[in-house]
Each structure stands twice: as C-alpha cells, then as structure tokens.
Amino acid sequence: MKLNYKVFAVVFFIGNLCFSQIQKEINPPENIKSVVFKSSNEGDQFPIVRRGEKFTLTFDDLYADEKDYYYSIEHCNYDWTPSILLKSQFLQGIDDQRIITYENSLATIQPYTNYTLTLPNQQTNFRVTGNYILKITDNAGKVIFSRRFIIYKDAVSVGITPKTSRDFNNISKMQRLEFVINAPDYELVNPQQEVKVAIMQNSNFDRMIMGIKPQFISGRQLIYKYNKETSFEGGNEYFWFDTKEIRVSNNSVARVNLTNRYNHYLFTNRIRKNDEYTYNPDINGDFYIRTIDGTDQNPNREADYSFIRFSLEYDNTIGLDKIYVYGKFNNYALTEENLLKLNSKTKTLDAAILLKQGFYNYKFVKLREDGTIDLNFISGSHWETENNYTILVYYREFGENYDSVIGVGSTSSVNISN
C-alpha cells in the first residue's frame, strides 16, 4: 500500500505540473507560411474579440497537396496555464473538426494550398470569455502550430493616458501608461486580489506586463498611476518593404531578379541606435498580404512568394552578436532562417526569407547571451515613437473557477503627454 501511495503521489504531482504549464504558441514548420490570425479590428495582430464576433485564420501549405488539417481549442487562465473547464463548459458545439475551406494557388511560381478557418462557425461557438489557444493539427493528431486569442465582454471600461517617463535617466526612451478601470454597473468583489490586468505593446506577447495591482480604489474606479511598473521602452519605428508589384523595384526594394523564384534585394539598412528620432509611419511590426498582379483580386490564392534579401550594415559594435530579422511575419520568433550572417564581400549582415507578396514591417534585434531579446540594440529607443497599447482586464467572479475578460482598452502613444 505504501508503494502504491507513493506511485500515486508521484503521478499526481507530475500530472499537476504538466497541467499547469504555460501554453506558449507553437510556430509552424517550414512548409507552413503566411499565418494570418486576426479579427476585423484595426491594429490587432491577433484576435481580441467580443463574444459572438467572428475572426479568421488563414495559412499556406507550400507542399500544395491539399492535406487535411484540423483545429482544436483550449481555454486558459489569466497566466496562460490551462483552465480546469471542460470543453462542454467553454464551447458550444464541438471542435476537432477538419478545415474544409481551402483552395490552390492560381498562376504562381510557388505552388501552395491556402486554408481558411472562420470562428465562431456552425460547429464551434464560445460560451465564456477568457484566454484561448487555437491548435492546428494533422490527421495523426500532431500539433502543426498554435495561436492565442482572447474573447471578452464589455462589463467595464478602461481609460488610458500615455505619459512620458518620470525617471530622468530614462526620459528620452521610455513611455508610461496611466489608466483607470471604470465599473459603474459591475460590482467588483475584492478587486485587489480578483482583478488582474495584462498590458501589451503592439499586440506582441513578448512585450507584456502582468501582475500589476490597482494603486487606489475610489468608489467603482480602480486607479493605476505607477511611475516605473507600467513603463515600456518606446523603441523606434519599424523598417518596411512592399512587394505587391512583384516584378518591379520601389522605395524599399533596390532590385528584383527571377531565377527559380523571385528575389527582392532590399536597400541596406543603417544602424540607428545613435540617431535622432525621425517620424516614419508604420504598422507596428505587422504585415498585410496583397498583390496587384492577380486577376480575381484574391491575394490569398494569387499572391506569389519571393526570397526577401535583408541587409544590415556591419560595424565593430555588433561584433559576433546574434542579430535577427524580427516581425509578425514569423510571429516574432528567432530562428535559423531569420538569423543574419556576415557577407565578407559586401561587409553587411544578410538573410534571405521566403515571404508572400505584401506590405511588411520588420526590425533587427539582438539575442543576448542570457537568452533575452534586446529589441533596440540596432534601432535605438525614443519616447516619441508611435506604439499601440492594449490593456486586458481579467476577473474571477465569486464562485467561478476561471478567469473571465471583462473589458479591453486601447490607445496610441501618438497622444503622449508630459
């Protein structure tokens, strides 16, 4: 009996440890490209939607063999660990369904099959708000990739005011958020413990602050006016390129050639970390698939692929540092594909990445020895930079066993004040 008890205890401990593991996004293999997962809300780089609103996932399979793909959905807590809800408690209908909307590319050099999934649909709807994970699997049940999304309700409002830093040492590069959660018609019981917020810069999960508690509670208002705890580095505006006209060069593309694929050679980018800030409108790291070369005006199936040849000037301040091309086009991942390598002939750092026609933002980032990312080593950081900020309000209602999302606020630092 003692042995059985010990075995049970070990199994329970391991099972509980696995069950509580943070659900990070899984990025796809090299044959899966152009993953676009968002709603119709402008500025969102992943779906943040009210319950009942539709959102869409599209992606390409470069094998172009019309393979079967399936989708499944998991509900998560505030910290992205799996919640204890059963699927029947958070889903109305069923998941583990095949994606039935797909079409092959039309008149492209690179063949591919484009898949589209819209949620909610006739098979799958959502009962509760909160954090969710969408997993795409093959017919053997293997997860090919996954993406996060958030469903919320408008129970509270969030007023946000972007401010410059109060820290004199960082005043030139930091942006600070003051915000108020208003709940005039919604009773928040024990808000110091049960209300949680997540603050995101540019819809990037790598740029998120969590665990901030209200400084003051005034009636039905929760007030957050921190000096450092709600601050982000402003960074710099992203570089961009546009390949909607795949055969011609433009302001960002130095030249184009065609071998077995199109090749777009971008102008060499400068190291900007010591430059003064210059306003240059961007889409905060995002990308849009688009083409003017097709006949049906359907970029999902008519846009072609090309190798984008990135180039960054090299100097001794970079040394042997690992520098990567960074953007939403590959979900801000640092992989061998987007690692820059020294070109001894041109004295530049280069990378070639196969990307679908469209408008893209990108920047160059450094991977530190401790595994963290220095976003501004190449581009520098400025308080004037335009960034989008999103604040998510979570609340575990009395008697509930999951974290609901009861409000969302957003703002742009273009309105920043002292």
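Against the empirical 2.2 N^0.38 Å (N residues), the chain has a Cα radius of gyration ratio of 1.06.
Here r is the Cβ-Cβ distance between Thr101 and Phe359 and R0 is 30 Å; the resulting FRET efficiency, rounded to 0.05, is 0.75.
Taken along the Cα-to-beta-carbon direction at a fixed 7 Å, the label points for Lys341 and Gln21 span 3.2 nm. For GluC sites (Glu not before Pro), the sites in the range 304-360 that DSSP calls loop and that have at most 15 other Cβ atoms within 10 Å are Glu336, Glu337. Using Cβ point charges alone (K and R +1, D and E -1), the dipole size of the chain about the Cα centre works out to roughly 620 debye. In the chain, a dipole from Cβ-located charges (positive for Lys and Arg, negative for Asp and Glu) runs towards its positive end, and of Ser34, Phe90, His264 it is Phe90 whose Cα lies farthest in that direction.
The share of accessible area on the range 211-272 that comes from carbon and sulfur is 45 percent, using a 1.4 angstrom probe.
Within the accessible area of the range 309-418, the carbon and sulfur atoms contribute 49%, probe 1.4 Å, all protein chains present. Measuring r between the beta carbons of Lys153 and Ile223 and using R0 = 30 Å, the FRET efficiency lands at 0.85.
Computed in the context of the full set of protein chains, the accessible area of the range 17-125 at 1.4 Å probe radius has 49% of its extent on carbon or sulfur.
Please list, by residue number, every one of the trypsin sites (Lys or Arg not before Pro) in the range 324-418 that is coil in DSSP and has at most 12 other beta-carbon atoms within 10 Å.
When the trypsin sites (Lys or Arg not before Pro) of the range 324-418 are filtered for loop state and at most 12 Cβ neighbours within 10 Å, Lys345, Lys347, Arg368 remain.
Give me the dipole magnitude in Debye, nearest 20, for the range 308-369 about the Cα centre, with unit charges on the beta carbon: positive for Lys and Arg, negative for Asp and Glu.
Details: 10 positive and 7 negative charges, 33 e Å.
Charge dipole of the range 308-369: 160 debye, to the nearest 20.
Quick one: net charge around Ser252, please, counting Lys, Arg +1 and Asp, Glu -1 for every other residue with C-beta under 13 Å from its C-beta. So the environment of Ser252 carries a net charge of 0. When the charge dipole of the range 291-416 is built from unit charges on Cβ atoms (+1 for Lys and Arg, -1 for Asp and Glu) and taken about the Cα centre, the candidate among Ile323, Tyr389, Gln297 whose Cα reaches farthest toward its positive end is Ile323. Residues considered: Phe216, Phe55, Phe46. Largest GNM mean-square fluctuation over the chain, using C-alpha springs under 10 Å, is found at Phe216.
From the cross-link list Lys163/Lys196; Lys135/Lys356; Lys33/Lys67; Lys153/Lys363, which pairs have alpha carbons spaced over 25 Å apart? Cα-Cα > 25 Å for Lys153/Lys363; rest within. Take the Cα radius of gyration of the range 184-288 and divide it by 2.2 N^0.38 Å, N being the number of residues; the result is 1.72. With K and R counted +1 and D and E -1, the other residues having a Cβ less than 9 Å from that of Asp350 yield a net charge of +2.
Taking label positions 7 Å along the Cα-Cβ direction at both Tyr63 and Arg261, the computed distance is 1.8 nm, reported to one decimal.
Look at the dipole of the chain built from charges on Cβ: of Tyr332, Tyr112, Tyr362, the Cα furthest out on the positive end belongs to Tyr332.
Per residue, the chain exposes 49 Å² of accessible surface when a 1.4 Å probe is rolled over the protein heavy atoms with every protein chain present. Restricting the calculation to Cα atoms, the range 91-173 yields a radius of gyration followed by a Dmax of 20.8, 57 Å.
Net charge of the neighbourhood of Glu336, taken over other residues with C-beta under 15 Å away and scored Lys/Arg +1, Asp/Glu -1, is -1.
Accessible area per residue was computed with a 1.4 Å probe on protein heavy atoms; Arg50 scores about 100 Å². Computed from point charges on the beta carbon alone (+1 for Lys and Arg, -1 for Asp and Glu), the dipole magnitude for the range 323-403 about its Cα centre is near 560 Debye.
The values are calculated or read from the model by the stated rules, or taken from the named source; none is laboratory data. On a predicted model such as this, the values are computed, not experimentally measured, just so you know. In this analysis, Cβ positions are derived from the backbone assuming ideal geometry, glycine residues included, and neighbour counts consider all displayed protein chains. Note: areas computed on protein heavy atoms with side chains; ligands, DNA, RNA excluded. Shrake-Rupley method; radii C 1.70, N 1.55, O 1.52, S 1.80 Å.
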